[in-house]
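Asks: Before anything else, here's the structure in question.
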Amino acid sequence: GQSDFWKGMLEYDANRFDATWAHWTCYLRHATRLLALAPDNPKWMFEVSFAATNLGIIEKRRGHTANAIRLFEASAEAKRSALTLLPYNEPYHQQYLDTLSWISSTLEDEGRLDEASRGYETQINALRILIDQHPTADSWKLRLANYLQLDANLQIDRGELERAEDSATDSITMLEHLNDRHAERSKWKVELARGHLIRADVLRARGDVI
């Protein structure tokens, strides 16, 4: 199982996605067998979920979007099952929301923009609730800023420019706050610059002078 994952990673790094798919299919099959032996074990639920997400990413890269969505949905379902047993596990919550974002981005690839929009809205609302519960959790705030940027880009494509601007502005505000608190995080400065670029795209789409 694990050897198939690492072999697949080597092929992935070399952009040999068909070979990656073969190894990661074996990895998912092995993880599924482990879960069948211990169906109430959240560790194996997440192993299945991790394997399904990785395989879904490959399918997305190969242009097999329908199969990618199926795999991402299976991954999300496995994570939901694990979170019923471990509801306070923060890394599991983060991975769950990341899987949902893969579903939304793949729906975008298929041109299913309204469904993708509803997905991002659900993820954003979930993150706002988690931040209200954990107001000092900067990792949640960074994720929310990233999801707001994804939503803003999508809303530009949908022509929903008011929502696009709201999402871009919220992202900028959050990232400015994070950068003030963590000036050493150069990557966060890049995220902030991206937020400003997205807002500029909104203004251009609206016909405003920038």
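The values are calculated or read from the model by the stated rules, or taken from the named source; none is laboratory data. None of these values were measured; they are calculated from a predicted model. With ideal geometry, Cβ positions are generated from the backbone for all residues, glycine too; neighbour counts draw on all protein chains shown. Just so you know, the surface numbers come from the protein's heavy atoms only, side chains and all, with ligands and any DNA or RNA stripped out. Shrake-Rupley method; radii C 1.70, N 1.55, O 1.52, S 1.80 Å.
Asks: Give me the residue from the stretch 1-29 that is among the hydrophobic types (A, V, I, L, M, F, W, C) and under 17 Å from ALA52 (Cβ atoms) and, out of that set, most open to solvent (accessible area, probe 1.4 Å).
Replies: TRP21
Asks: Is it the case, given these coordinates, that LEU192 is surrounded by 14 or more Cβ atoms within 10 Å (Cβ to Cβ) and either small (Gly, Ala, Ser) or within 23 Å of SER104 (Cα to Cα) (or both)?
Replies: When the stated conditions are applied, LEU192 passes them.
Asks: Ok, one more. Return the residues of the stretch 73-98 that are within 16 Å of the chain's Cα centre (by Cα) and over 21 Å from TRP140 (Cα atoms); say none if nothing qualifies.
Replies: Hits for the stretch 73-98 are GLU73, ALA74, GLU77, ALA78.
Asks: Follow-up question, since we're still on this one. So is GLU115 of a type in the set (D, E, K, R), closer than 27 Å to ALA78 by Cβ and open to solvent by 10 Å² or more (accessible area, probe 1.4 Å) or not?
Replies: So GLU115 passes the test.
Table: residues versus (1) modelled with pLDDT of 95 or more; (2) more than 23 Å from TYR12 (Cβ to Cβ); (3) not in a loop (DSSP other than H, G, I, E, B).
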position: GLY56; (1), (2), (3): yes, no, yes
position: LEU83; (1), (2), (3): no, yes, yes
position: HIS93; (1), (2), (3): no, yes, yes
position: ALA116; (1), (2), (3): yes, yes, yes
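Asks: Need the failing condition index for PRO135 against (1) assigned to a helix (DSSP H, G or I); (2) open to solvent by 70 Å² or more (accessible area, probe 1.4 Å), just the number.
Replies: (1)
Asks: Out of the residues in the stretch 118-132 that are open to solvent by 30 Å² or more (accessible area, probe 1.4 Å) and not small (Gly, Ala, Ser), state the one that is farthest from ASP170 (Cα to Cα).
Replies: Result: ARG118.
Asks: So, one more: Output the residues belonging to the stretch 51-72 that are more than 14 Å from THR25 (Cβ to Cβ) and surrounded by fewer than 17 Cβ atoms within 10 Å (Cβ to Cβ).
Replies: Residues satisfying the conditions are ARG61, GLY63, ALA66.
Asks: Could I ask something else about it? Would you mind telling me which numbered condition in (1) assigned to a helix (DSSP H, G or I); (2) out of contact with any Gly (no Cβ under 7 Å at 6 or more places or on another chain); (3) open to solvent by 40 Å² or more (accessible area, probe 1.4 Å) TRP102 fails?
Replies: (2)
Asks: Between residues in the stretch 128-155 that are of a type in the set (Phe, Trp, Tyr) and residues that are open to solvent by 60 Å² or more (accessible area, probe 1.4 Å), which pairs lie under 7 Å by C-beta distance while being six or more apart or on different chains?
Replies: Close Cβ pairs (under 7 Å, with a partner that is open to solvent by 60 Å² or more (accessible area, probe 1.4 Å)) amount to TRP140/HIS134.
Asks: Would you please name the residue that is nearest to PRO87 (Cα to Cα), looking only at residues in the stretch 30-42 that are open to solvent by 50 Å² or more (accessible area, probe 1.4 Å) and touching a residue at least 12 places away in the same chain (Cβ under 8 Å)?
Replies: My answer is ASP40.
Asks: ARG158 is checked against (1) open to solvent by less than 50 Å² (accessible area, probe 1.4 Å); (2) in contact with a helix residue (DSSP H, G or I) (Cβ under 6 Å, 6 or more places away or on another chain); (3) under 30 Å from GLY56 (Cα atoms) and fails just one. What number does that condition carry?
Replies: The number of the failed condition is (1).
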